[in-house]
Amino acid sequence: MSDLLGYIVTGLGIGAGFALVASGLVAIYRVTRVVNFAQGAFAVLAAMLTASLLGSGVPHGVAELGGVALGAITGLLVGVVAIGRPGTSPGTSLIVTLGLGVLAYAIEILIWGDQPRSYPGVPGVAEVGGARLQAHYLLIVAVTGPVFAVMAWFFARTDLGKALSACASNRYAAQVVGIDVRRMGLLAFAIGGALGGLAGVLTTPVQQVTFDSDVALIVNGFAAAVLGGLTRPGVALAGGLLLGVAQTLVAGYGGGAYQVEVALVLMLTVMIVQAARTGPVAETAR
Amino acid sequence: MSRPVVEVTGLTVRYAGATALDGVDLAVGEGELVALIGANGAGKSTLVKALSGLLRPHAGTITVRGRLAQVPEGREMFGDLTVDDNLRLGGWRNPEGRRGRDTSPIYELLPELSDLRRRRAGSLSGGQQQMVAIGRALMARPDILVVDELSLGLAPLVVTTLVGHLRTLNTERGLAVLLIEQNARLALDMCERAYVLETGRIALHGAAKDLARDPQVTAAYLGGHVEAGGGLEAGGHVEVGGGQEAGGRLEAGGHASGGHVEAAT
Ligand SMILES: Nc1ncnc2c1ncn2[C@@H]1O[C@H](COP(=O)(O)OP(=O)(O)O)[C@@H](O)[C@H]1O
Ligand SMILES: [Mg+2]
């Protein structure tokens with residue numbers, strides 16, 4: 001019983017990372033219709049920079065913020081390349097983000113090498129209902145919750161957030177009222193970059209980061225995001241947490257080797273069900 | 001005609017080779033009600049897009065003195081946002097900033113919207129959406145309102161209400177209106193002057209009451225063969241109510257397109 005609770009809390013911590021990556025994907029997709037495959041790279045770059053900053057004596061908090069800021073800046077840059085040229089189709093932009101994700105590998109290896117890195121997070125072990133787990137998982141959950149709350153408030157209550165939602169709702173109408181949809185797209189990329197960066201910064205103390213850590217993040221993040229048709233951040237959050245818990249349970253009771261398969265199976269199931277419901281796959285990809 | 005608020009000369013717009021507008025001259029004076037009629041595919045919506053800077057003209061000039069706002073064809077709601085948010089976003093470019101995004105004046109001008117302010121725009125009827133679209137355009141504090149297909153797909157009673165609002169805005173606020181309509185009778189009845197657009201060219205223009213008697217106009221637009229909203233374009237996005245963007249929409253150009261002058265009053 002206490003095992004189960006421990007797995008669940010640990011799973012929520014891992015799932016929070018997936019949820020952050022997923023919500024970054026959703027933020028970008030809603031506004032630009034681009035599936036951003038460079039999303040995992042934001043997390044890796046942010047984590048690498050945070051590790052370097054901490055290593056050179058920058059205090060906790062500042063170093064993590066630096067990582068998130070790098071995520072946002074990288075997001076903006078990816079956005080500029082992917083959608084900066086007017087008239088670029090979302091499909092073309094997707095391919096560009098794939099390419100930039102690979103380019104990020106080269107940059108990461110050049111700067112940080114190919115060895116895994118980590119840094120200490122919240123030290124020690126916490127007890128939750130008799131289960132013992134790394135205390136850092138609690139921090140991940142405690143940060144992710146408010147971040148989602150702030151995002152919900154931002155999109156629903158502020159004029160800038162409403163303008164982003166307007167682009168998501170009806171791009172043409174957004175242009176009619178004078179919203180610069182390309183600028184909003186770039187802003188969405190920056191927000192997505194920050195969310196991806198936060199995922200990397202938060203999860204690195206419990207699972208290390210290598211240049212190719214983005215693969216697991218993007219597979220799980222995409223699986224969570226696709227649950228809500230890539231447009232519903234609330235569903236992406238739930239999906240991310242669910243995936244994290246499911247994987248931890250599989251690893252805990254079964255074998256650790258099957259973790260990514262859990263995400264793949266879920267993602268494929270969702271996509272097949274959705275395709276069967278709405279007809280052509282293009283419906284969801286549009 | 002009073003001092004023009006919009007002046008278009010020699011306007012030519014092409015889509016990938018096909019010429020949609022070919023040397024169009026048109027003007028709307030301050031506080032004037034002007035109709036633009038023409039069959040489906042004549043180029044009316046293309047003119048609207050060029051006027052609002054969403055399309056870059058191939059040639060010609062567009063001069064806008066003051067502010068222009070449009071009520072787009074098909075209403076183009078932000079379907080999953082509330083009516084109030086739809087209105088608020090209409091004030092996005094309002095130079096008064098946050099204060100300019102106060103929606104309360106719109107509920108005074110269009111009281112029918114008061115009870116709907118928390119409703120999702122996508123859940124409204126076509127007539128209600130058209131009123132939201134007008135309110136949203138008014139949020140930009142325009143000197144001229146360009147209305148693309150006011151009556152399309154709406155019941156006659158609803159259209160009468162909308163026309164009444166436009167007339168009031170015109171007489172009480174001096175708002176100029178360029179009304180684009182396939183219902184020529186309605187347009188010629190409401191407006192002082194009118195233009196007839198045929199395959200990208202102005203075929204006729206003059207006083208509305210003269211055009212209403214013109215044999216050519218009567219035969220083509222007021223007779224039995226008014227194209228009954230049949231075209232491709234109408235069907236596509238009349239009642240969709242936003243949420244999705246129509247097929248081959250142009251993405252190009254922000255607001256500062258060539259030849260488009262936007263001077264403050
Ligand atoms: N985005 C576009 N790409 C190519 N051709 C277009 C586009 N939009 C309109 N057209 C064509 O331009 C012509 C004028 O269209 P439009 O301005 O919508 O006419 P109207 O509003 O009078 O019905 C039509 O022949 C139409 O097929
Ligand atoms: Mg039209």
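Quick notes
- FRET efficiency, 1/(1 + (r/R0)^6) with R0 30 Å, evaluated for A:A152 and A:R85 via beta carbons: 0.40
- Annotation: lysines with alpha-carbon distance below 28 angstrom to B:K209 (same-chain offsets under eight excluded): B:K44, B:K49.
- Relative intensity, log₁₀ I(q)/I(0), of segment A:120-232 from a Debye sum that treats every alpha carbon as a point, q = 0.10 Å⁻¹: -0.43
- Dividing the convex hull volume of the alpha-carbon atoms in chain A by its residue count gives 129 Å³ per residue.
- Shape analysis of segment B:47-88 yields a ratio of the Cα radius of gyration to the Kirkwood radius, Rg/Rh, of 1.08.
- Eigenvalues of the alpha-carbon gyration tensor of segment A:1-93, scaled by 5 and square-rooted, set the equivalent ellipsoid semi-axes at 29, 21, 8 angstrom, largest first.
- Here r is the Cβ-Cβ distance between B:A155 and A:L264 and R0 is 51 Å; the resulting FRET efficiency, rounded to 0.05, is 0.45.
- Counting only the Cα atoms, the protein assembly as shown fills a convex hull of 165 Å³ per residue.
- Computed over segment B:22-108, the P(r) curve from all C-alpha pair distances, binned at 5 Å from the origin, holds 2, 10, 18, 21, 19, 15, 10, 5, 0 percent per bin.
Each reported figure results from applying straightforward, stated rules to the coordinates on display, with no laboratory input. This one's a predicted model, so the numbers in the text were calculated from it and none came from an experiment. No Cβ is skipped: glycine too gets one built from the backbone with ideal geometry, and neighbour counts run over all protein chains shown.
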